[in-house]
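What follows draws every value from the coordinates through simple rules; no lab data is involved. Just so it is clear, the structure is predicted and the values come from calculations on it, not from any experiment. Glycine also receives a Cβ, built like all others from the backbone with ideal geometry; neighbour counts cover every protein chain displayed.
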Amino acid sequence: MTVLEFQRKKREHEKISMVTCYDYTSAKLLAQTSVDCLLVGDSVAMTMHGFKNTLYATIEMMCTHTAAVSRGAGEKFIVSDLPFLSYRKSFTDSMHAIQLLMQNGANAVKLEGADGNTDLIKHAVQSGVPVMGHLGLTPQSVHQLGGYKVQGKTDETAAKLKHDARALQEAGCFCIVLECVPAQLAADITRELSIPTIGIGAGAETNGQVLVYQDLLGMDKSFKPKFVKTFMDGSGHIRKAVESYINDIHSGEFPLHEHSF
Ligand code: KIV
């Protein structure tokens, strides 16, 4: 996958698949699938570190996970999130954060929102860095948004989202994630843009879909938002496997002669 492939897939109405990935083992596994793109999302702060939101992701955390993923991902296209405020302090700090992610193995960076970001996006793109936008429910602004709510439900907020999507495209983004927006609005934005959209909780008409790896594998039964589809009972399977291991220790079925030196 390359940025050119993203455009081709949009042109030829071929859906784009993206999944989050935070570690070497999972990257190695995902490299053996046909998934188009791995996202080292700042959701890593929640999924892998147990923080309550993504505001706790730091550039050091994102670099560590990006590097681990890139060691296992083979030729997969890796997008890494610029974490909270890392692109809002100064131009130099922002470009430094981008440089760190790219030098740790990212093929592109993602950032949230359009307001105040378009000059940085233009500069990064002119510097050779592909930038993915992220609109709708932008979790780094959870306190400003008043919680994890569907965005763009009124005429005014829908118009603002369309305006922001056009601004990101004009600034040079090669793709935009639309998170938790009404399906019709996501379809309208997707139709209006020449760059692809990737949805999460944004209906079926976006050019692609993204899910958090742990969510699609059903690793946490207590977390099941409406937009998530679980494709396996990961937590059940893992618990069962570990219980079998413990049983075998007690029954003497592990280790056997073949496991011993
Ligand atoms: O960090 C993340 O996992 C994301 C996806 C939800 C798009 O940004």
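Values as computed for the structure displayed
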read-out: Vicinal HN-Hα couplings computed from phi for the range 160-177 (Karplus, 6.51 cos²θ - 1.76 cosθ + 1.60; Hz; Gly/Pro x); value: 5, 5, 5, 4, 5, 4, 5, 5, 5, 4, 4, 5, x, 4, 8, 5, 9, 7
read-out: Cα-based equivalent ellipsoid, the chain: semi-axes from gyration tensor eigenvalues, Å; value: 34, 21, 18
read-out: Coil-residue trypsin sites (Lys or Arg not before Pro) of the range 176-261, DSSP, other Cβ within 10 Å capped at 14; value: LYS221, LYS226, LYS229
read-out: Ranked list, fewest to most other Cβ atoms within 10 Å of each Cβ, for VAL129, VAL142, VAL19, VAL242; value: VAL242, VAL142, VAL129, VAL19
read-out: About the Cα centre, charge dipole magnitude for the range 88-221 (Lys/Arg +1, Asp/Glu -1 at Cβ), debye; value: 120
read-out: 222 nm mean residue ellipticity, helices alone, for the chain (DSSP H n ≥ 4; -39,500 (n - 2.57); rounded to 500); value: -12000 deg cm²/dmol
read-out: Using θ = phi - 60° and Karplus 6.51 cos²θ - 1.76 cosθ + 1.60, couplings along the range 34-47 (whole Hz; Gly, Pro as x); value: 9, 4, 6, 8, 9, 10, 7, x, 6, 4, 3, 4, 8, 5
read-out: Candidate aspartates and glutamates for bridging to LYS160, where Cα separation is under 20 Å - those fewer than 8 sequence places away on the same chain excluded; value: GLU112, ASP115, ASP119, GLU170, GLU179, ASP188, GLU192, GLU205
read-out: Residue order, fewest to most beta carbons within 10 Å, for CYS37, CYS175; value: CYS37, CYS175
read-out: Listed residue pairs exceeding 22 Å between alpha carbons, taken from LYS15/LYS76; LYS89/LYS162; LYS15/LYS153; value: LYS89/LYS162; LYS15/LYS153
read-out: For VAL177, distant residues with modelled amide H under 5 Å away; value: GLY133, HIS134, LEU135, ILE198
read-out: The chain, dipole about Cα centre (Lys/Arg Cβ +1, Asp/Glu Cβ -1), debye to the nearest 20; value: 380
read-out: Selection of trypsin sites (Lys or Arg not before Pro), the range 25-73, meeting DSSP coil and at most 10 other Cβ within 10 Å; value: LYS52
read-out: Cα gyration tensor, the range 92-226 - rounded (a/c under 1.5), prolate or oblate; value: oblate
read-out: Selection from ALA73, LEU135, HIS96, by position along the positive dipole direction of the range 3-230 (Cβ); value: ALA73
read-out: Global form of the range 1-118, assessed from the alpha-carbon gyration tensor, a/c cut-off 1.5; value: oblate
read-out: In order through the range 6-18: 3J(HN,Hα) via Karplus (6.51 cos²θ - 1.76 cosθ + 1.60), integer Hz, x for Gly, Pro; value: 4, 5, 4, 4, 5, 4, 9, 6, 9, 5, 9, 10, 9
read-out: Over 32 Å between alpha carbons, listed pairs LYS10/LYS122; LYS122/LYS226; LYS10/LYS52; LYS52/LYS229; value: LYS122/LYS226; LYS10/LYS52
read-out: Relative contact order, percent, the chain [alpha-carbon distance under 8 Å, six or more residues apart]; value: 15
read-out: Between the range 180-224 and the range 68-114, the alpha-carbon center distance in angstrom; value: 21
read-out: Charged-residue dipole, Cβ positions (Lys, Arg, Asp, Glu), the range 54-141 about Cα centre, Debye nearest 20; value: 120
read-out: Cβ-based charge dipole, the chain, positive-most Cα from ASN207, GLY105, GLY152; value: GLY152
read-out: Likely footprinting exposure, PHE174, PHE231, fewest C-beta neighbours within 10 Å first; value: PHE231, PHE174
read-out: Positive-end residue of GLN7, VAL44, GLY218, charge dipole of the range 3-230 with Cβ unit charges; value: GLY218
